[in-house]
1. What does the charge dipole of the chain about its Cα centre add up to, to the nearest 20 debye, if the Cβ of each Lys and Arg holds +1 and the Cβ of each Asp and Glu holds -1?
2. Report the antiparallel proportion of the DSSP beta bridges in the chain as a percent, rounded to a multiple of 5.
3. Hey, got the dipole for the range 39-139? About the Cα centre, +1 on K and R Cβ, -1 on D and E Cβ, debye to the nearest 20?
4. Could you tell me the relative contact order of the chain? Use alpha-carbon pairs under 8 Å, at least six residues apart, and round to a whole percent.
5. If you average the C-alpha positions of the range 100-167 and of the range 179-210 separately, how far apart do those two centres end up, in angstrom?
6. Would you list, by chain and number, the lysines whose Cα falls below 28 Å from the Cα of LYS23, excluding same-chain residues fewer than 8 positions away?
7. How much of the accessible area of the range 119-246, probe 1.4 Å, is carbon plus sulfur, in whole percent?
8. Accessible area of LYS29, 1.4 Å probe, to the nearest 10 Å²?
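The values are calculated or read from the model by the stated rules, or taken from the named source; none is laboratory data. Nothing here was measured: the structure is a model prediction, and the numbers come from that model. Here the Cβ is made from the backbone with ideal geometry for all residues, glycine too, and neighbour counts use every protein chain on show. SASA here: full protein model, heavy atoms, side chains in, ligands and nucleic acids out. Shrake-Rupley method; radii C 1.70, N 1.55, O 1.52, S 1.80 Å.
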Amino acid sequence: MLKLGHIVYSNCFPVHAGIVTKKIPFPFKIVEGIPTELNRLLAEGGVDVSPSSSIEYAVHAGRYLILPGFSITSRNRVMSIILQSRVPMSELDNRTVALTSASATSVLLLRILLELQSGVSPRFFLYEQGVEDPFGQADAILTIGDLALKKSKTSDFPYVYDLGEVWHEFTGLPFVFALWQVNYKKNIDKELSVLYDILVQSKAYGLSHLLTLANEHAFRFGIPPETLIEYWSAFSYDLGESEQKGLKAFYGYAAEIGAIETAPDLKFWRKEK
């Protein structure tokens, strides 16, 4: 039986809404986790398909196929990938920046923006968000997901940056945070075709019922319905030409700063006709 990864943050919910709410029959297994957990499970074969960090595809070039038509992409601002800083980003050279261990893509995005846009080289350390409090140790802190959506400004960290917005200012492109990736084996094509059709239906259901979903599931995330609507509306959940252009730019910059060897080609799973 195929196993589908499901990001527990609210950003993934519109695509999987039809499945999670049982509006659409689902004969496979759902495995929930934060992005880095799902990345690990995908690599280990603990899930067969998952919305996983976009950088995972590049780090494991050749291992995965991309499920066409699905992504979690910020068109401009993202609202949930936030850097709080004591000083402007351009003044973070040799200062301490705390990086959440929950997302590989967001960490690399921040590195690109700091090193290539701002021209600074901070000192980084990892922390477990929601468990550890790095405020006393860091000059800037990266927080992601629903926790970032709920964070309020503090006078100690007056500079607040939405990394989707900063990326868009830097490149003029959307930013792809997650791709639905397949740890492909030839014997799963039949089940994969069924799963793909279900995902298409689930996404169509979710995107056409955002208001209802926000009102009925705000408690699930602890986020007000109006904030969820605003948040979900900031995303593209497609993987068309503009999203792919943004993704290729990200991989190019990742290679430029040495995070990956080369920018990989985008290889898609194709449903047999």
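1. Computed charge dipole of the chain: roughly 780 debye.
2. Roughly 65 percent of the DSSP beta bridges within the chain come out antiparallel.
3. 260
4. 31
5. Centre-to-centre distance over Cα atoms comes out at 32 Å.
6. Partners found: LYS3, LYS190, LYS203, LYS271, LYS273.
7. 51
8. Estimated to the nearest 10 Å², LYS29 gives 100 Å².
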